[in-house]
Amino acid sequence: MQKGIRLNDGHVTYLGLLAKKDGTRRGCLSKKSSDNTKWHTKWFALLQNMLFYFENESSSRPSGLYLLEGCMCDRAPSPKPSLSAKECLEKQYYFTVSSTHENQKALELRTEDVKDCDEWVAAISHASYRNLANEHETLMQKYLHLLQIVETEKTVAKQLRQQIEDGEIEIERLKSEIAGLLKDNEKIHASPSAAPTDDDSEIKKIKKVQSFLRGWICRRKWKTIIQDYIRSPHAESMRKRNQVVFSMLDSEAEYVQQLHILVNNFLRPLRMAASSKKPPITHDDVSSIFLNSETIMFLHQIFYQGLKARIASWPTLVLADLFDILLPMLNIYQEFVRNHQYSLQILAHCKQNRDFDKLLKQYEAKPDCEERTLETFLTYPMFQIPRYILTLHELLAHTPHEHIERNSLDYAKSKLEELSRIMHDEVSETENIRKNLAIERMIVEGCEILLDTSQTFVRQGSLIQVPMSEKGKITRGRLGSLSLKKEGERQCFLFSKHLIICTRGSGGKLHLTKNGVVSLIDCTLLEDPEGTDDEYKSGQDMEHLDFKIVVEPKDSQSFTVILVASSRQEKSAWTSDISQCIDNIRCNGLMMNAFEENSKVTVPQMIKSDSSLYCDDVDIRFSKMMNSCKVLQIRYASVERLLERLTDLRFLSIDFLNTFLHSYRVFTTADVVLDKLITIYKKPISAIPARSLELFFASSQNSKLLYGEPPSSPRASRKFSSPPPLAITKNSSPNRRRKLSLNIPIITGGKALDLAALSCSSNGYASMYSSMSPFSKTTLDINKLYVSSPITSKIPDEGEDKKDKVDDTSVCKQDLSVREENDNDQNQSDDGDPEASPTKTQGKNPFDIFSAGFPTDQRNGDKEFVIRRAATNRVLNVLRHWVSKHSPDFENNNELKTKAIVFLDEVMHDPELLTQERKAAANIIRTLTQEDHGDSQISLEDVTQLVGGGKAEPFESHPAMEIAEQLTLLDHLVFKVIPYEEFFGQGWMKNDKNEKTPFIMRTTKHFNDISNLIATEILRCEDVVSRVTVIEKWVAVADICRCLHNYNAVLEITSSLNRSSVFRLKKTWLKVSKQTKALIDKLQKLVSSEGRFKNLREALKNCDPPCVPYLGMYLTDLAFIEEGTPNYTEDNLVNFSKMRMISHIIREIRQFQQTAYKIDLQPKVAQYLLDMSSVLDEESMYEASLRIEPKVPN
């Protein structure tokens, strides 16, 4: 085993001789031996921070060396001598050299001269380089301060010189004026010269006094001017501008140093490691992790050198041209920012390799890193562009408008902001792709449909799947069984085109179930399925929580998926999102095919022809990013343009709809939105811009509608007195499939198009024009996209027998209306009933087929009929989304609720309304008027009433598992009732926060109460063993909460352990086990705020609801968005990009709010957690802490 450290012997000898020759201090000293018994006289020499000693002065080789860096030197008292040696010891003077490290023996020395002793102590004390570094730093600060003073003095001197020049000019003018006066005086007194008198001497004295007074007044005036300038806003602004420039130089130096550490301590060593025999990482992974960070470092090194050169020429500093050089090169940040998240994912994957992880920890342990991780260094470039923007904002705030570089700095700021917006758009565009890839990697079997970039993630969560019997039926008696809840639990992921159903394995991986990938284009949603089995109706606890998805693939056998939600609220959210995705797919198919078949103009051409969808105008600005409809997203717009986009029938972005309904209160009112929907319903032709209508009606004679002439058809505008064009069958049961069958034969074959149930989704849907679009005629499933009208329908509902079909046919014979032409499907008509078979109609235009049963004056309005059906669909779609997901808008506004009900009642009395449209309107009215929203979970108020009164049982009587479960239940009850309106406007930071955001403040109070309860419970214990037991139990509770995805409780517990009154209990923490301390470190790292809660965000991304996140993380994000961007631009346009960012955060919060925990209330445990009667305040806690472990005096 190695017992020492090897040194370069020759070099040490050389340094010893150099110390002997030129040392700071040399002389003989007595050194105490290692056994502390004897003193040996040696010859010592001090060189810099090294102390050499020789056997004698003539020795050429040192006997030893002491390194003095980090050491302390002090005088030491003389040891108590024996009586015999008293005289000898009195003449000795002692001092010691001790190290700050533990277990390091001090060096004891002595000398015979007190002056010599003091000089040695002083020399050794000043030998440390750290002192020199501190002095150097202090001097540099003084130097910078003096530079600022000198600069100010230069400015003042310049002002003084200018004023002196002005004074000299004034003096010259006065002199010339005096000379003129003297000449005039001589002319007046032109007479023989008289003898000098005593008056002349008096005049000279007066002139001297006048001259003195003029000088004194002038100096006083200039002093006043200078003092006024120093106190003036201009001088203050210049001083602040100087500080901004100097701080910018310091920040740039720090950033260059960070990049230097990233490249030299991580990138280059890892490249070398990748080239070794057994590489712990590949070159591709190194490139994916570090991206172009080396190029960024070279760029900023050049910029920093230029900045330093400009500082040297202060105060004639010009910075704008430096930014002009820098701006074109900053585009390299786009690649880094775009792939930053992917870079961190690759790094996390590589860390699973033990060799790489060990090597990385060695690199991170280097002194230069200062205990910072590689992830921290990779994050620094993400904030550099915003830092430049903030610096320029501050610089411009203190730069006068007439300053020479004001315009250049303005230009640089605008370019940087534009670059920042582009980078933000690119990051947003790749977020959805990364989310899809993350889910795809979790699925063991893989999922190819997630590799489609047009797939948009909508929601995820846990549902129970009911198994089907061989006959395709289930018994509802199983719905309430515990075994079904465990065996049938599925992880469901909804995308814009598909629904994916998985089971979760023991290792957290996902496995696709049989028929686990469901294409939404083939689906029919039944929100309230009915059956005739008595057993099916027996599951009372699961009543109204299940919904059915009937899947009828084109190339395989049909099947049914029955899913059960945990609450009505969750069911409503799932069914609303699923039906919205189906609706958008089919509605896009309706509009695209209708437009193409009837006007020979494709929808993409119609959109491209409308420049208002992609060209900026005075009332709208677009971003560079497209939404799910392949239309540019709105960045800024007026309220009128936002309402126009909401009701544009050519497309609907679900992300836009969610954002609008979340944020419309900021820029308009609910009455305005409802009035706009009513207008679109009554005048649907106004929902499509004129240019698109012109293309649509290009082949017809109805283009006069564009120019204000009366429509040729009485159905071009809604007239409720007109006869109904469609037959409404008697037995349209509201419990059948919720499809909106518009019965418009728009493709050859004459089958009517079926729109999905009116609902909404929290995200967008797929592209209408992509090569993989489900709407292309080669891939469109005609059999699923179109269903027959009620007259000839052969897709019976569940439980519908043959008799019902015959009844339908007989009714339709009496009230003849729409007939279909379908030569291939004539065998589907009722047997033996020739009158009920579809009527054959010839004609190329499918609208001729549709209008066969109408008078001639109504046939010309068929194209308008398509638009009216789409307008009705859009209005009911938006209303259902608004009512089902934003019900407080109507609950808190009776006038709005009444207005909506009156309008929907009017819609239901429209004779042209289709059966399914009437059902949709009736469902919306029922939702508006129902008082029970189906949320069976207990509320916090109910819990408080149940546990109120009586004394709570002590902490020791409750198991950790029960405490964790009840704490999770209470946290979720507090969290789920926060209305999303409180997340706008930073109300929680205002003075009247309790009035503006009462639910957020209640959440904050609950967090603090639980944290105080935990700290009080620890400090209540008098002995160390009890305190250790309580701490370890609470840590176990925190770990169980982590498993329950209650990250709020994890932070409640860890924050209470970090309180000063608990953290200072050193004797207690010494007794806590290593396993508990390791668990505390793990939990604290999980909820740490480092990197904007990076670890917590990753955990939330990978966890399945139910979950209780830490609300403060979202409030921080919202505050950052609110402070950085205003609600309106300078042109008074709504900042819709900001509304979109806030809406995305709210959507994530609401996803966690909607899924409830299946935890039963334990009143005794809940009473303990809610009882705050014995909880100490902060001051009392600290006093209790001092009483337990008093402060140790120094």
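Per residue, the solvent-accessible area of region 332-428 (1.4 Å probe, heavy atoms of protein chains only, all protein chains present) comes to 53 Å². With a simple spin-label model that places each label point 7 Å from the Cα along the Cα-to-Cβ direction, the separation between Glu186 and Asp1177 comes to 9.2 nm. Our estimate of slack between Gln257 and Ala123, defined as 0.36 nm per intervening residue step minus the Cα-Cα distance, is 44.8 nm. With each label modelled as a point 7 angstrom along the Cα→C-beta vector, the Val12-Ser1026 pair spans 5.9 nm.
The relative contact order of region 918-1017, computed from alpha carbon pairs under 8 Å that lie at least 6 residues apart in sequence, is 21 percent.
Extension gain for Arg441-Ile164 works out to 91.9 nm (0.36 nm per residue, less the C-alpha to C-alpha distance).
Applying 0.36 nm per residue to the separation of Ser237 and Thr669 and subtracting their alpha-carbon distance, the gain on full extension is 151.2 nm.
Beyond 19 Å, what share of the Cα-Cα pairs of region 233-324 is found? Please give it as a whole percent. The calculated P(r) of region 233-324 puts 54 percent of pairs beyond 19 Å. Cβ-Cβ distance of Lys361 and Val156, R₀ of 60 Å, FRET efficiency by 1/(1 + (r/R0)^6): the value works out to about 0.60.
Here the spin labels are modelled as points 7 Å beyond Cα on the Cα-Cβ line, and at Lys105 and Asp200 they lie 10.1 nm apart.
By a 1.4 Å probe calculation restricted to protein chains, Lys38 has an accessible surface near 130 Å², given to the nearest 10.
Accessible surface for region 638-686, divided over its residues, is 28 Å² per residue with a 1.4 Å probe. For a 29 Å ceiling on Cα separation, which of these pairs sit above it: Lys361/Lys1033; Lys158/Lys308; Lys413/Lys1101; Lys1005/Lys1085; Lys899/Lys919? Long pairs (Cα-Cα over 29 Å): Lys361/Lys1033; Lys413/Lys1101.
The values are calculated or read from the model by the stated rules, or taken from the named source; none is laboratory data. Since we're looking at a predicted model, the values are computed, not measured. We place every Cβ from the backbone using ideal geometry, glycine too, and count neighbours over all the protein chains shown. Surface accessibility is based on the protein's heavy atoms, side chains included, excluding ligands, DNA and RNA. Shrake-Rupley method; radii C 1.70, N 1.55, O 1.52, S 1.80 Å.
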